[in-house]
Structures are given as structure tokens and as C-alpha cells.
Amino acid sequence: MTRIDAKFAELNAAGKKAFVAYVMAGDPDYETSLEVVKGLPEAGVDIIELGLPFTDPMADGPTIQLAGQRALEAGMTLERTLQMAREFRKTDDSTPIVMMGYYNPIFNRGVEQFLSDANAAGIDGLIVVDLPPEEDDELCIPAQKAGLNFIRLATPTTDDKRLPKVLQNTSGFVYYVSITGITGAAAAEAADVAPEVARIKAATDLPIVVGFGIRTPETSREIANVADGCVVGSAIVAKLGDGDSPADVLSFVRGLADGAHSA
């Protein structure tokens with residue numbers, strides 16, 4: 001059982017929904033980013049999504065693209081992202097960390113080396129948005145053999161014919177993208193999400209966590225109410241982009257987490 005599996009079992013036993021927070025590693029700089037990441041569990045975050053900066057983040061909107069640019073300009077690398085996870089693990093051995101990003105930096109490091117390093121750093125799962133199920137032999141299956149969850153995204157365009165392929169080697173949870181488009185592009189609507197979550201639940205026993213388009217505690221609660229949890233990324237990253245202090249960012253996160261946990 002991974003930390004992700006254990007966290008969902010714990011939440012389920014408590015009758016609670018999951019709150020997942022995304023932050024870009026190294027944005028706006030390593031020290032500030034690490035301070036925020038270390039503060040996320042106390043702010044109510046159940047699972048941390050740690051963004052891996054990349055030069056061509058095609059699934060992301062302007063907010064997260066700019067965060068990646070800031071991180072790269074501040075000297076962030078795959079190695080320093082792993083270092084951040086190692087630093088976090090010195091004081092927190094229970095909060096799951098999912099690394100989210102693109103395949104190129106992992107490919108350049110070498111899959112075997114990357115998985116060994118990720119395990120040693122305390123990474124629990126991967127979301128690699130540019131590797132479709134047809135490429136599972138590339139990273140997904142090796143990652144699962146190495147003990148990491150490989151989390152797949154389902155979207156409003158994932159029809160009943162495609163869904164079994166998407167779910168085939170997915171573990172940890174299913175990340176349902178609530179809108180058609182890039183991150184931060186539109187607002188999530190619970191009325192639209194609910195039937196899609198039900199459709200996916202009919203095909204898998206995995207938890208369904210919904211992301212994209214969640215910016216307020218109210219929306220966090222509404223979306224978590226129709227799923228097993230919700231993810232907020234762009235709204236948090238925007239606060240860092242605006243120059244908010246780590247304390248102010250974490251206060252904002254606390255409100256979002258409270259919203260999800262009240263579902």
C-alpha cells in the first residue's frame with residue numbers, strides 16, 4: 001500500500017473528501033517554494049502535487065506556464081525538485097507527494113535512474129500528462145513495478161470506448177479534468193462533473209479526484225461533494241505569482257481545504 005492508498009483509506013474511514021494542492025517546485029524560488037510545500041499539510045492538504053518545471057508545458061494555462069518559467073529562471077531542475085521532496089520528507093513521512101509534469105526531463109535522466117531517485121526522495125505517484133496509455137511500457141508499468149502509483153487523467157472527451165484504456169494501468173486515484181482545455185481556463189461546475197464522476201466510478205474502484213477550474217472554498221466544497229476529492233492548482237500558483245507571502249498563500253489554501261473537507 002502506497003502513502004496515497006493509505007491516505008484515501010484514512011479519509012474514507014473518517015467520512016472525509018480529499019483536498020489535493022498543486023504547487024510548482026521552485027516557484028518563485030527554491031526557499032519560498034519549500035516553505036510553502038512544508039506548510040501545506042498543516043493547512044489541510046491531504047496530497048501534494050509537486051509540479052516539475054518544464055520549458056514546454058502544453059497542458060497548462062498561462063498561470064502555471066509562468067510559474068514554470070519563474071522556477072526555471074531561478075535555477076530549478078529535476079534534481080532540485082527531488083531534493084525538495086527529500087527535504088520535505090525529513091519532517092513529514094506520511095503526506096503523499098505526486099510529481100506532476102512532462103516526460104522529457106524523466107527521459108533525459110533515464111527511467112530506471114529516475115524511478116530509483118524518486119523512490120529514495122519519497123515520491124509516491126506520478127502524473128505525466130504527455131504519455132498516453134499506448135506508451136505504458138515507457139514509464140507507467142516500470143513505475144508501478146517500482147512501487148509508485150501512476151495516475152491517469154480522464155477528461156470530458158474520454159468516452160466509454162476510450163475509458164477502459166485510460167483506466168487499465170492507473171493506480172492511486174483517477175484525476176478527472178472538469179473542463180475541456182488547459183489549466184485555469186474556466187470554472188468547474190458540479191452539475192457537469194457529477195454525471196461524469198458517476199460514469200467513471202461505474203468502471204473503477206479507484207477514488208475520483210476532480211481538478212481544473214476550482215478557485216474558491218465554495219467550488220471546492222461543491223466539487224468534492226460529487227467526487228472523492230478535488231485539486232486546486234492555478235488559484236494557488238497565482239497567489240505566488242502575485243508575490244503573496246508563504247503565510248498568505250497557506251491561509252488561502254486552508255480555506256480551500258476547509259471547503260473540500262466540509263463536503
field: Sites Asp137 and Lys161 - FRET efficiency at Förster radius 25 Å, r taken between beta-carbons, to 0.05
entry: 0.70
message: Distance cut-off 25 Å, Cα to Cα: go down the list Lys161/Lys201; Lys17/Lys145; Lys7/Lys90 and report the pairs above it.
response: Lys17/Lys145
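What is the percent carbon and sulfur in the accessible area of the chain, measuring with a 1.4 Å probe over the protein chains and ignoring ligands?
48 percent
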- line: For the pair Asp205 and Ser116, the simple spin-label estimate (label points 7 Å beyond Cα toward Cβ) gives in nm 3.4 nm
- request: Keeping all protein chains in position, work out how much accessible area Cys140 exposes to a 1.4 Å probe, and write it in Å² to the nearest 10.
  value: 0 Å²
- prompt: What is the gain in length, in nm to one decimal, between Asn225 and Leu66 on full extension, counting 0.36 nm per residue of separation less the C-alpha to C-alpha distance?
  reply: 54.1 nm
Stretchable slack from Asp92 to Asp258, in nm (0.36 nm times residue separation minus alpha-carbon distance): 57.7 nm
task: Work out how much length Asp192 to Ser245 would gain on full extension: take 0.36 nm times their residue separation and subtract the Cα-Cα distance, in nm to one decimal.
output: 15.6 nm
Pairwise centroid distance, computed over Cα atoms, of segment 113-134 with segment 208-251, Å: 23 Å
message: Between (i) 25; (ii) 30; (iii) 35, which entry matches percent of Cα pairs over 28 Å apart as derived from the coordinates of this structure?
response: (i)
task: Whole number in Å², please: accessible area per residue of segment 36-159, 1.4 Å probe, ligands, DNA and RNA not counted.
output: 40 Å²
message: Which order do you get for Asp228, Asp56 if you rank them by accessible area with a 1.4 Å probe, largest at the top?
response: Asp56, Asp228
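The values are calculated or read from the model by the stated rules, or taken from the named source; none is laboratory data. Values in this document were obtained by computation on a predicted structure and should not be read as measured data. Quick reminder, even Gly has a Cβ in these numbers, built from the backbone with ideal geometry, and neighbours come from all protein chains shown. Quick note on the areas: whole protein, heavy atoms, side chains included, nothing else; ligands and nucleic acids left out. Shrake-Rupley method; radii C 1.70, N 1.55, O 1.52, S 1.80 Å.
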